There are 2 protein chains.
Amino acid sequence: MGVNSNRVENFSDHDNDTDHPQAQTIIRVESLPLPQPQRGVHRVSMPPKRTTLQKLKQRLAEIFFPDDPLHRFKNQSWVRKFILGLQFLFPIFQWAPEYGLRPFRSDLVSGLTIASLAIPQGISYAKLANLPPIVGLYSSFVPPLIYSVLGSSRHLGVGPVSIASLVMGSMLTESVSSTQDPILYLKLAFTATFFAGLFQASLGLLRLGFVIDFLSKATLVGFMAGAAIIVSLQQLKGLLGIVHFTSKMQFVPVMSSVFKQRDEWSWQTVVLGISFLIFLLGTRHISMRRPKLFWVSAAAPLTSVIISTLIVYLLRSKAHGISTIGHLPKGLNPPSSNMLYLSEPYLALAVKTGLVTGILSLTEGIAVGRTFAALKNYQVDGNKEMMAIGMMNMAGSCSSCYVTTGSFSRSAVNYNAGAQTAVSNIVMATAVLVTLLFLMPLFYYTPNVILAAIIITAVIGLIDYQAAFRLWKVDKLDFVACLSSFFGVLFISVPLGLAIAVGISVFKILLHVTRPNTVVLGNIPGTQIYQSLTRYREALKVPSFLILAVEAPIYFANSTYLQERILRWVREEEEWIKENNGSALKCLILDMTAVTAIDTSGIDAIREIKKMLEKRSIKLVLTNPVATVMEKLHQSKTLEYLGLDGLYVTVGEAVSDISSQWKCHA
Amino acid sequence: MGVNSNRVENFSDHDNDTDHPQAQTIIRVESLPLPQPQRGVHRVSMPPKRTTLQKLKQRLAEIFFPDDPLHRFKNQSWVRKFILGLQFLFPIFQWAPEYGLRPFRSDLVSGLTIASLAIPQGISYAKLANLPPIVGLYSSFVPPLIYSVLGSSRHLGVGPVSIASLVMGSMLTESVSSTQDPILYLKLAFTATFFAGLFQASLGLLRLGFVIDFLSKATLVGFMAGAAIIVSLQQLKGLLGIVHFTSKMQFVPVMSSVFKQRDEWSWQTVVLGISFLIFLLGTRHISMRRPKLFWVSAAAPLTSVIISTLIVYLLRSKAHGISTIGHLPKGLNPPSSNMLYLSEPYLALAVKTGLVTGILSLTEGIAVGRTFAALKNYQVDGNKEMMAIGMMNMAGSCSSCYVTTGSFSRSAVNYNAGAQTAVSNIVMATAVLVTLLFLMPLFYYTPNVILAAIIITAVIGLIDYQAAFRLWKVDKLDFVACLSSFFGVLFISVPLGLAIAVGISVFKILLHVTRPNTVVLGNIPGTQIYQSLTRYREALKVPSFLILAVEAPIYFANSTYLQERILRWVREEEEWIKENNGSALKCLILDMTAVTAIDTSGIDAIREIKKMLEKRSIKLVLTNPVATVMEKLHQSKTLEYLGLDGLYVTVGEAVSDISSQWKCHA
């Protein structure tokens, strides 16, 4: 300890000089060479002295490197460090050397299974984003390959996802029509994808992964349910065969679109759509009941596509009302880096869309990765995942792909099909490659209505009403955040709904800080335990003392409140004493255990309380301040202000020491 | 306790059935009829059962009525209640019945003293807001009268203040020129004043007073210093006699204006200005050194005005370069309710200006009121003050006044001059009335330069570099907030500078929540005290246990971080044990004392940690959860999930009980 802490040491020594022979129940353990057991009380220690720079360094390390990513490199040889570094940057090197035939068999099966899901999903989700269906297939080819090299999850199935597709479609369509200006729309989609990737990769690189933590689970439950309903309603366009449909994403215009265009409803489309929807929902139900039969729902989309294509092909002369996908170009992803749109007036739109879709797809990808990693007991590094997902989107934007991430449905199927490593993603990409090169003409007669049915089946699983019910039961404010993001998305707009929900979540934190709890403590007889009087019926009030536990950091946002609230406790206690003829209040003990931080306003509040109490001849004592609070009390010279016996390690020691002083003086 | 808590009770009883004869050092105090001392441990109590409605009610009471404003009405007769209610609404009834000649003498002296300050200040500040000087005098007449009836502070000197005048001037001038369209400008000023009052009164009525707490002291220190410098620089216009000057409020345009118009500098003005500035600063210095001589600085402005007016009058044929106030209309405040501008396109501007000036003047008024109330040991009710200040601004806007509040300089003079009640405000208003009716022609020759000197002297006191230095010493992030509001105001704009500073303050709260401290605890030998190992050198690690104190509520914003951080502590502990051949880690104790709240994500994190630890055969134990956390653990069935002995009242009891179990099983 340096020069600055001498004052505290002196001050404690001073405290030490006053002898209290009565205080025999408590023991002083000295760290100085002069132990005086059975006499004093424990001294509140200052935290080890650190410079501002050291504190800043530690603080930054906690903010940016809480997982201590370099701990593997400690005490290793240079060669080993190089290999570890390579494995750190490219997780493929972790498992590739030990890769063999046995895991490959599993990966082959699971890869082919997710391919059968990925192809119809890719086409459907691209339509959800108002993009040409082929872009969905492109996006199931390049990104999975890149992820298999860079990603640290072994079960993540990579590809386009419904939420990000929906959001991209709705945000871009508000400014640019995908039918009137398809080239500009496509350019903007790739540009938004590029910015999404850039944003994701920078979050990872700057280790700002905690940003996505602000999308709380409650927010996401509401958001997903709202988005799922909007998406399902939008699919009524395909399901009813409507041609002229609104491009808006809110509940009201979509529903009015559905009912205004009743003359466009086509009964053939409706019959086909409803039957396949029932089929798909049925297979989904089976797989949910028996997880072993996961392949039933996994194979259902491809089966529906094949059967419905066959039906339409056979009835092609009769069923004119049924719209089909039509011609799809054969061949690999064309390069699209020349299509990035980096000038006004749409740059801001592309950046905004990229940010929103980027953060949403990141949240889904990381949550999915963590879920399956937890099931198999391995770690997924959030910041590394962000870089992997970001890199794959940046590369994707240059090869005609739009936003991709780890998809929940794909990853679940992948996991259930027994995937061992990211090789299953490579197998899937190969299957998509074959499709792109040779099988595109087969989709000519695939009806659009089947894609609508596939999308509805996929998004319906996002409505987690049980989770919403749990939120209601456990935390009402979480439930409000959930509801507001639900209704925000449904009736206002996707980004605004999200923003409202994040706002409510942050407001909840601020509310907790602005109006913290204060609890009156009492002693549990025969022990040194002090607990809440309202909770512990056995706890008893200590005469002449008022013991308050403050349950929050003391900040500018609550210092005035706490000051007034504490003085109100004192006033009420005095009134109670008057009515009950109790012994006069002589000491207020503030238990600071839960005061995890204090700022300058908080310190002013403590001084103010001390001043107010002095006028009523009540003593103020603080117990057990945490390290940072102790530091600030010292730096602001509040320790001196509190006086010689204004600070104790525990409430118990404070009570015994102070009462023995009173006896001594009496 | 209702049905729901039975499970917990049963669960505790279960715990009770397992006998641990070794656990003799700890005592069980039962609240059930079967006490079994010397045998078990204390049970963690559920908080008293309350319905959602009850909880909501209590929460709302804490948010909106933390001061329990109705406590005076309890157990009183109806007549007494009526009188108390009248006194509650109109604090004048509290002191008026006992008012006598003796306090009146004090109030007369102090009222005349502040009038001598208020008249030149009123004229100067109105010029600061680009308003006609007479509006400043109007604003020193009606608002003080209204405040004296409604206000609860006895020392507040009411009138226009520099900060609010400056902000109003700068915000309105950005859209409307006060020289080219003076009528529209005046209308907007009254409208903004009306909205400021409406906003202030509604904050008070809705008991949302805590909103102003978000302007932390750190923010205000920086903001005031920045504003003071900008205002002083702006006064160079008057001090140098420049005619063409920028209407902008930023540092760069103001300084370039000063130096570009060098040919307009007038040496007569400069000489006059500098001499009076030195005189005013000198008197200020004297009063600050000797508080008893407060009247020296209080009387200085009026003296300067009189002397300088005389000088200019005598030299009127020679000194053409010196601009004067000129003709001021005689007479009382004209009504201005017909001048409220409630239609587009300037309504939004007026509302915005009203909000910003309203919150700033409210902050100043309440801070000043509290300061002087604390000196004389009486209470100022924040919400009531807001309503009083709001009402006086709404009334003011209808009688040609602009934004007023409790002014620091006026209140300090008022207090030092011995004011006893709000009657001193009435005296001041009367003095202003006399001035308005009879003395206006006397100001014809008053030079503008003297107003500039008065303003500079007033605002220079707002630069509190000592407070900034204290912030730097105690809290670096508070200092950053202070600096950013300082530079934001100086270089960007007043509202944006404020917004940035509030943003940083809120970010600081979020940062604390996002990256909370976790501390490893050890036992202080011979006691049941567990304290931080890094802080208390005498504290010792307990073999086979890892005891962590989490120092924050567990929220969505930190649940992932905490989960990873806690598992990292476990990993590091295991590595340490390996290196030192210690006994294997068997139990992780999380001390939840400082976990003041938990949400659904936090509960998921706890369950996740439990699951991860189970895989490593490490037991998870929580100690001392606070009431709300206990409730949520119960509602989410996490208590059952934690198992029979997963919960203790104190760390000490957890350690002794679990080690005795191990001994028992060994």
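Quick note: the coordinates plus some simple rules give every number you see, no bench work behind them. Keep in mind that this is a model prediction, so the values were computed, not measured. Neighbour counts are summed over all protein chains in view; Cβ atoms, including those assigned to glycine, are modelled from backbone coordinates with ideal geometry.
Quick notes on this structure:
- Rounded Å value of the spacing that divides the Cα centres of segment B:290-305 and segment A:324-368: 70
- Under-5 Å amide H pairs with B:G157, H placed in peptide plane, nonlocal only: B:S407, B:S411
- Length released on extending from A:I306 to A:L511, taking residue separation times 0.36 nm less the Cα-Cα span: 68.3 nm
- Here is how the number arises for the protein assembly as shown: DSSP H runs of 4 or more residues each give -39500 (n - 2.57), the sum is divided by the residue count, and the result at 222 nm is -19000 deg cm²/dmol.
- Counts of other chain beta carbons within 10 angstrom of each beta carbon in peptide A:619-627 average 2.
- Proximal charge balance of B:V502 [Cβ under 12 Å; K/R count +1, D/E count -1]: 0
- In straight-distance terms, cross-link reach from B:K187 covers every one of the lysines whose alpha-carbon lies under 18 Å from its own, apart from those fewer than eight places away in the same chain; here that gives B:K127, B:K352.
- Our note on the geometry: Cα centres of segment A:408-469 and segment B:141-180, 65 Å apart.
- Extension gain from A:L206 to A:E614, taking 0.36 nm per residue of separation minus the Cα-Cα distance: 141.8 nm
- Local electrostatic count, B:V413, Cβ distance below 14 Å [Lys/Arg +1, Asp/Glu -1]: +2
- Counted charge near A:Y341, where neighbours are those whose Cβ lies closer than 13 Å (Asp, Glu -1; Lys, Arg +1): -1
- Between segment B:517-540 and segment B:73-97, the alpha-carbon centres lie 54 Å apart.
- 24 Å Cα-Cα threshold exceeded, pairs from B:K74/B:K217; A:K508/B:K632; A:K476/B:K637; B:K217/B:K473; A:K615/B:K508: B:K74/B:K217; A:K615/B:K508
- Applying the criteria of a DSSP loop state and at most 11 other Cβ atoms within 10 Å to the trypsin sites (Lys or Arg not before Pro) of segment B:71-143 yields B:K74.
- Which of A:R50, B:R284, B:R289 has the fewest Cβ neighbours within 10 Å, and the rest in rising order: B:R289, A:R50, B:R284
- Among A:V489, B:V221, B:V403, B:V254, a tally of other beta-carbon atoms within 10 Å of each Cβ gives an order, fewest to most, of B:V254, B:V221, A:V489, B:V403.
- Segment B:344-470: C-alpha gyration tensor shape, a/c 1.5 cut-off, then a/b vs b/c: rounded
- Only the Cβ atoms of Lys and Arg (+1) and of Asp and Glu (-1) were treated as charged; on that basis the dipole of chain B about its Cα centre amounts to roughly 1380 debye.
- Using a 7 Å Cα-to-Cβ projection, B:Q180 label spacings across copies, nm, ascending: 3.7
- Partners for B:K81 among lysines (Cα-Cα distance below 26 Å; same-chain residues under 8 apart left out): A:K578, B:K57, B:K384
- The long axis of helix A:382-397 is offset from the longest Cα principal axis of chain A by roughly 30 degrees.
- The slack between A:K578 and A:V434, meaning 0.36 nm per residue of separation minus the straight C-alpha distance, is 43.0 nm.
- For the protein assembly as shown, pairs of C-alpha atoms spaced more than 45 angstrom apart make up 52 percent of the total.
- In percent, rounded to a whole number, the relative contact order of chain B is 21, using alpha-carbon pairs under 8 Å and six or more apart.
- B:W78-A:D181 FRET efficiency (beta carbon distance; Förster radius 56 Å; 0.05 resolution): 0.15
- For segment B:516-665, the average shadow cast by the Cα convex hull is 8.6 nm², which is a quarter of the hull's surface.
- Whether segment A:99-509 is rounded, prolate or oblate, judged on the alpha carbon gyration tensor where a/c under 1.5 counts as rounded: rounded
- Projecting 7 Å from Cα along the Cα-to-Cβ direction, the label point of A:S323 sits 6.9 nm from its equivalents in the other copies, listed shortest first.
- Per-selection Kirkwood Rh - segment A:38-125 (Cα, Å, 1 d.p.): 19.1
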